[in-house]
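Working notes for the structure below.
The values are calculated or read from the model by the stated rules, or taken from the named source; none is laboratory data. A quick note: this is a predicted structure, and the numbers were derived from the prediction, not measured. Positions of Cβ are generated from backbone atoms using ideal geometry, with glycine treated the same way; all protein chains shown enter the neighbour counts.
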Amino acid sequence: MLRLVNVNSNYGLVHVLKNVSLHVGKGEVVTIIGANGAGKTTTLRAISGLQPVAEGQIYLDGKDITGIAAQKLVAMGVAHVPEGRQIFAPMSVHDNLELGGLQVYRRFGRKQLKCEIESMFERFEVLRDRQNQYAGTLSGGEQQMLALAMALMSRPRLLLLDEPSMGLAPLIVKEIFRIIEELQSENGLTVLLIEQNANAALKISDRGYVLETGRIVLEADAEKLLSNPEVKRAYLGREQREIWE
Amino acid sequence: MPFWKQEIECIDREELSQVQLEGLQATLNRVYKNVRHFRKIFREIDFVPEDLRSLDDLKRLPFLTRKDLGKNYPYDLFAVPLREVVRLHTTSFNFDEPIVIGFTRNDMINWTELTARNLFAMGVTKDDVLQVALNFGSMSGPFGFQAGAERIGASVIPMSGGKPAEQVKVMRDFKTTVLISTPTAALRLARAMEEMDVDPHALVLKLGVFGSEPWGESMRAEIESRLHIPAADTYGLTEAFVPGVAWECPAKNGLHLAEDHFIAEVIDPATGDVLPPGSEGELVITTISKEAFPLIRFKTGDITKIDEAPCSCGRTHCRISRIFSRCDDVMILRGVSITPDQIGRILARINGSAPVFQLVVERNDDADQLFVRIEISDRFFFDEMKKQRRFVEEVHKAVSEFLGWEVNVRLVESGTFDHNKQVLDMRRFV
């Protein structure tokens, strides 16, 4: 469904992504893991059109989407939940959801939008209780759920999730991962996930990629990655120079 | 037609090239970071992993030879620390130039999966009883077959290379359905059955999986008619996986290479140029999933050709033709590879300097035989028969000890054989 071939990207003079190639099949949950600064977020931003791609191609369902503006990609079914719960704090939860459903409103009108919001409330019961509160007054976990719901309002085929567990209590992290798993199994949603919490993310994933200083060093099934020490090395840097001790 | 993993075995070729590119890039990133040898040879040609943009760029990289593997003995080509290695194998007892191959836990999982895919494609199911009549220890193949068969859920009898009579008894009493052995061992079993008056029809044998020796279509026909089973060929590389590199599907039209784990090229062994699909040349293998012991453009020495046309069985992975010959002077006898250099070194040890000699390989109906012909020269002209005989006996003992089975040694007059032909393979693979 999603295919990246030799994607390169720079921040000024800094070469961040070096020939990143990866693919996500339809209905798959794929995780990218890696240390801080490995280029995980950049990869996601490159896919959703927020970060210019210096070289390489990105294909969505076989169509080249490299360089297509972010807002157009949303209409094509790509939803990006950025890091750090970027919701509109001074607006109510309900208004936030309406904003997320802009595409639905444009295409199907007000009634359908209401329907969609209702279905979001069904999935995220907490948000129904809080619908008239300012989004900024929600707890971290609730804000993350709101961010997720906003992305889902655009009825994506591909959901890009940037560190959904960041700064959340373990119980809420579990809840969020449960929801992601549910979305995949019930709606056949394709998910590309970025996580620091490698264990939790790999448990709900089909496959994973390990990113290290802008290069992919490992690609494998999730369960193989879980037991792979290379993953640890990707986080901690090289263990030692010699192969034996 | 049954598939073990249909989504991989029948993958779209375009998707497959994406999988291969990803695997190759990740492998190169890892070896460049972790293996000194690759870092050095990549720097020599001014290559960094980022330069690999497509699978075609692989052609730029230098080859990896068995010599390179030997030079980096024991652990210098490992891409992971030794503590992550869970299995070590050595190449078929070349203790002169040993090579150590390591496997991580994930390598073992991949090996098992590939062998399971191999056996399943040949028709092995969980109801089968497999008799593995290969030597455990000196070969890694039997371990792979055992793991793969157990993954499918079949029962495994690790028989190792027992006496033919014992093998037949086990085959009859344990109701073996699948025989895994070398092709020559299968013929030995057929003879033992005739001697023991066991009718192959009375057995429940349904399939034979043979490998680790070159064998031709005539030998296949012979095995099939004498044991009354279909015989399937499988191909592996000790340096990668045995088995699990390539295997025959029921269409028996070449061996499907597991392209989601390996990239195959065929090169002209003389010039090193990559040949177009369909031309015959040396097989070069690059691994894209191995963690402990990755191979980048490894020259296998095996002569084959690649066929990318879709197979009637539905699998999309390319097929290599059956392998009968090599482009170097390595001989594969009784599942073990032998080079004339090794024999030469043994002769030199006995004699002080290596005499002119020729190795003749013949296949009698039950096994490969090795004849060492040593040319009589001035140095070797022993006027005393006793001395001469003792020399022959010493050579016979040393070489037989080295190989683990009896060889024939003969002194011949000069001019009996062509000095440029150190190996004379009389086996016919047709």
*Identify the single condition in (1) charged (D, E, K, R); (2) within 14 Å of chain A (Cβ to nearest Cβ); (3) free of Cβ contacts under 8 Å to residues at least 40 places away in the same chain that B:Lys5 does not satisfy, given that it satisfies every other one.*
(3)
*Can you find even one residue in segment B:230-243 that is over 21 Å from B:Gly141 (Cβ atoms) and in contact with a Leu (Cβ under 6 Å, 6 or more places away or on another chain)?*
no
*Considering segment B:71-91 alone, what residues qualify as being facing chain A (nearest Cβ under 9 Å), buried (at least 17 other Cβ atoms within 10 Å of the Cβ) and among the hydrophobic types (A, V, I, L, M, F, W, C)?*
B:Phe78, B:Ala79, B:Val80
_Suppose the filter is farther than 22 Å from B:Leu52 by Cα and in the same structural domain as A:Asn132 (by TED's automatic domain parsing); does A:Met1 pass it?_
no
*Scanning for something in contact with a Pro (Cβ under 7 Å, 6 or more places away or on another chain) and assigned by TED's automatic domain parsing to the domain that holds B:Gln20, does segment B:238-258 turn up at least one residue?*
no
*Where residues in segment B:217-235 are among the β-branched types (Val, Ile, Thr) and closer than 22 Å to B:Arg117 by Cβ, which of them is surrounded by the most Cβ atoms within 10 Å (Cβ to Cβ)?*
B:Thr234
_Evaluation of A:Gln240 against (1) polar (S, T, N, Q); (2) at pLDDT 85 or above; (3) over 17 Å from the mean Cα position of the chain (by Cα) (one fails), failing number_ = (2)
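Here is a yes/no grid of residues against (1) loosely packed, with under 15 Cβ neighbours inside 10 Å; (2) of a type in the set (Val, Ile, Thr); (3) under 14 Å from the mean Cα position of the chain (by Cα):
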position: B:Glu265; (1), (2), (3): no, no, no
position: B:Glu280; (1), (2), (3): yes, no, no
position: B:Ile285; (1), (2), (3): no, yes, yes
position: B:Phe298; (1), (2), (3): no, no, yes
position: B:Ile303; (1), (2), (3): no, yes, yes
position: B:Asp307; (1), (2), (3): no, no, no
*Answer yes or no as to whether A:Arg155 is within 14 Å of another protein chain (Cβ to nearest Cβ), surrounded by fewer than 24 Cβ atoms within 10 Å (Cβ to Cβ), modelled with pLDDT of 85 or more and within 15 Å of the chain's Cα centre (by Cα).*
no
*Would you pick out the residues in segment B:402-415 that are farther than 12 Å from B:Ile350 by Cβ and either of a type in the set (Asp, Glu) or surrounded by 12 or more Cβ atoms within 10 Å (Cβ to Cβ) (or both)?*
B:Leu403, B:Trp405, B:Glu406, B:Val407, B:Asn408, B:Arg410, B:Leu411, B:Val412, B:Glu413, B:Ser414
_Whichever residue in segment B:28-42 is surrounded by 15 or more Cβ atoms within 10 Å (Cβ to Cβ) and farther than 17 Å from A:Glu212 by Cα and, among such residues, is farthest from the other protein chains (Cβ to nearest Cβ)_ = B:Ile41
*Filtered residues of segment A:69-92 (kept if over 14 Å from the mean Cα position of the chain (by Cα) and not hydroxyl-bearing (Ser, Thr, Tyr))*: A:Ala69, A:Ala70, A:Gln71, A:Lys72, A:Leu73, A:Ala75, A:Met76, A:Ile87, A:Phe88, A:Ala89, A:Pro90, A:Met91
*Residue check: is A:Pro52 in the same structural domain as A:Leu211 (by TED's automatic domain parsing) and either surrounded by 16 or more Cβ atoms within 10 Å (Cβ to Cβ) or touching a residue at least 40 places away in the same chain (Cβ under 8 Å) (or both)?*
yes
*asked:* If a residue counts only when it is within 14 Å of chain B (Cβ to nearest Cβ), which strands (runs of 3 or more DSSP E) contained entirely in segment A:2-120 have at least 1 such residues?
replied: A:2-11, A:14-24, A:29-34, A:55-60
*Check B:Leu359, B:Leu347, B:Leu370 and return the single one that is in a helix (DSSP H, G or I) and not assigned by TED's automatic domain parsing to the domain that holds B:Gln6.*
B:Leu347
*Any residue at all in segment B:223-244 that is under 30 Å from B:Gly23 (Cβ atoms), of a type in the set (Ser, Thr, Tyr) and part of a strand (DSSP E or B)?*
yes
*Sort through B:Ile45, B:Ile99 and tell me the only one that's modelled with pLDDT under 90 and either at the interface with chain A (Cβ under 10 Å from one of its Cβ atoms) or in contact with a Leu (Cβ under 9 Å, 6 or more places away or on another chain) (or both).*
B:Ile99
*Residues in segment B:198-216: is at least one in a loop (DSSP other than H, G, I, E, B), surrounded by fewer than 23 Cβ atoms within 10 Å (Cβ to Cβ) and on the phi > 0 side of the Ramachandran plot?*
no
*Which listed residue, of A:Ile204, A:Ile194, is closer than 23 Å to B:Asn29 by Cα, away from chain B (no Cβ under 14 Å) and modelled with pLDDT of 80 or more*: A:Ile194
*So which of B:Ile346, B:Ile350, B:Ile374 is farther than 30 Å from B:Val284 by Cβ, among the aliphatic types (A, V, I, L, M) and surrounded by fewer than 17 Cβ atoms within 10 Å (Cβ to Cβ)?*
B:Ile350
*Scan segment B:350-363 and give yes if some residue there is closer than 14 Å to B:Leu403 by Cβ and of a type in the set (Ser, Thr, Tyr), otherwise no.*
no
*Qualifying residue in segment B:317-340 (condition: over 20 Å from B:Trp215 (Cβ atoms), of a type outside the set (Val, Ile, Thr) and out of contact with any Asp or Glu (no Cβ under 7 Å at 6 or more places or on another chain))*: no
